[in-house]
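Remarks on the structure that follows.
The values are calculated or read from the model by the stated rules, or taken from the named source; none is laboratory data. Just so it is clear, the model here is predicted, and its values are computed rather than measured. Glycine gets a Cβ as well: all are built from the backbone with ideal geometry, and neighbour counts include every protein chain shown. What goes into the accessible areas is simple: the full protein's heavy atoms, side chains included, and nothing from ligands, DNA or RNA. Shrake-Rupley method; radii C 1.70, N 1.55, O 1.52, S 1.80 Å.
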Amino acid sequence: MNLVLIGPPGAGKGTQADRVALAWGVPKISTGDILRRAAASTDLLAIAVAGAMAAGELVSDDVMTTLVDERLSQPDASSGFILDGFPRSVEQAQMLDMILEGRGQLLVVEIAVPEAELLRRLGRRRICGRCGANQDTAAPDASACTCGGSFVLRSDDKEATARRRLEVYTRTTAPVLDFYRQRGTLQTVDGDLTPDEVAACISLAIEPFDRDLAT
Ligand code: AMP
């Protein structure tokens, strides 16, 4: 099963992608995680990637398509994957179609959350500097990660950059929803619920497709 989770920053795509990946035994492919690793390296790509991310802008479609094509060609993705953060433009969605030709059905689930709630969540989100795990400052054990790393504010979660990322989502990524809606593969779930409730909504949304594939 091939699944794309789409939603604005702070919608909970990463959290839900982890759950579905675990349930299905397929890899979660987060382009944000791939880019954060790339940005920490020392090559030329790192400079371009880090600059775009720090400004809350998108990394170029060409770079993204190459990275995703490479990742999806690895053996662990051959029987399915969860994409978290890709595609983020109609051009990327078109390139994904080409990459996936002959690889089975693609399901797309949008996680919808009101903007005020997104800004509240991004302001409270911390990321482990060592393993990349997310944490909410309101959680009871928010001081240190289980891996021993410290939680820090992601620089692109600072309010001005977070607002810019939401604008970029509305302008460039929201049209991807129409792209998939027109072909009948888009399901939308309410992301303004607890993580368990959202997970249940996603299961319900993909269950008919899951059943089709099983028969
Ligand atoms: P995320 O962790 O998914 O919120 O992504 C963090 C940042 O990585 C985004 O704000 C973009 O700068 C960049 N990024 C992630 N995925 C993509 C993509 N598919 N296309 C372009 N830029 C991306």
Q: Spot the failing condition for Thr188; the list is (1) of a type outside the set (Asp, Glu); (2) open to solvent by 70 Å² or more (accessible area, probe 1.4 Å); (3) in a strand (DSSP E or B); (4) closer than 16 Å to Ala54 by Cα, and only one is missed.
A: (4)
Q.
Whether any residue in the stretch 79-88 is farther than 15 Å from Val4 by Cα and either within 15 Å of the ligand (Cβ to nearest atom) or open to solvent by 60 Å² or more (accessible area, probe 1.4 Å) (or both) is what I want to check.
A. no
Q | Hits in the stretch 69-78 - residues which are surrounded by 14 or more Cβ atoms within 10 Å (Cβ to Cβ) and assigned to a loop (DSSP other than H, G, I, E, B) | A | none
Q: Filter the stretch 36-63 down to the residues that are out of contact with any Leu (no Cβ under 8 Å at 6 or more places or on another chain) and closer than 21 Å to Gly7 by Cα, then identify the one that is nearest to the ligand (Cβ to nearest atom).
A: Leu58
Q.
Can you find a residue that is crowded, with 21+ Cβ neighbours inside 10 Å, at pLDDT below 95, in a helix (DSSP H, G or I) and under 17 Å from the mean Cα position of the chain (by Cα) anywhere in the stretch 39-51?
A. yes
Q: Scan the stretch 67-92 and report the pairs whose first residue is charged (D, E, K, R) and whose second residue is part of a strand (DSSP E or B), with Cβ atoms within less than 9 Å and a gap of 6+ or a chain change.
A: Arg71/Ile29; Arg71/Phe81; Asp84/Val4; Asp84/Leu5; Asp84/Lys28; Asp84/Ile29; Asp84/Ser30; Arg88/Ile6
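Go through the residues of the stretch 100-109 one by one and say whether even a single one is assigned to a loop (DSSP other than H, G, I, E, B), open to solvent by less than 70 Å² (accessible area, probe 1.4 Å) and in contact with a Leu (Cβ under 7 Å, 6 or more places away or on another chain).
Of the stretch 100-109, the ones assigned to a loop (DSSP other than H, G, I, E, B) are 100-105.
Narrowing further to those that are open to solvent by less than 70 Å² (accessible area, probe 1.4 Å): 100, 104.
Of the ones still in play, those that are also in contact with a Leu (Cβ under 7 Å, 6 or more places away or on another chain) are 100.
Yes, some residue in the stretch 100-109 is assigned to a loop (DSSP other than H, G, I, E, B), open to solvent by less than 70 Å² (accessible area, probe 1.4 Å) and in contact with a Leu (Cβ under 7 Å, 6 or more places away or on another chain).
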Q | In the stretch 145-172, residue farthest from the ligand (Cβ to nearest atom) [restricted to those that are farther than 21 Å from Arg120 by Cα and open to solvent by less than 60 Å² (accessible area, probe 1.4 Å)] | A | Gly148
**Q.** Selected residue (criterion: most open to solvent (accessible area, probe 1.4 Å)) from residues of the stretch 113-144 that are in a strand (DSSP E or B) and within 16 Å of the ligand (Cβ to nearest atom)
**A.** Asn134
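Each row is one residue, and each column tells you yes or no for (1) of a type in the set (Ser, Thr, Tyr); (2) at pLDDT 90 or above.
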residue	(1), (2)
Ser143	yes, no
Gly149	no, yes
Glu159	no, yes
Thr173	yes, yes
Arg183	no, yes
Thr188	yes, yes
**Q.** Scan of the stretch 9-35 for residues that are in a loop (DSSP other than H, G, I, E, B) and either in contact with a helix residue (DSSP H, G or I) (Cβ under 8 Å, 6 or more places away or on another chain) or within 10 Å of the ligand (Cβ to nearest atom) (or both), ordered by number
**A.** Pro9, Gly10, Ala11, Gly12, Val26, Pro27
Q | Residue list for the stretch 1-36, filter: among the small types (Gly, Ala, Ser) and either within 20 Å of Ala200 (Cα to Cα) or touching a Cys at 6+ places or on another chain (Cβ under 8 Å) (or both) | A | Gly7, Gly10, Ala11, Gly12, Gly14, Ala17, Ala21, Ala23, Gly25
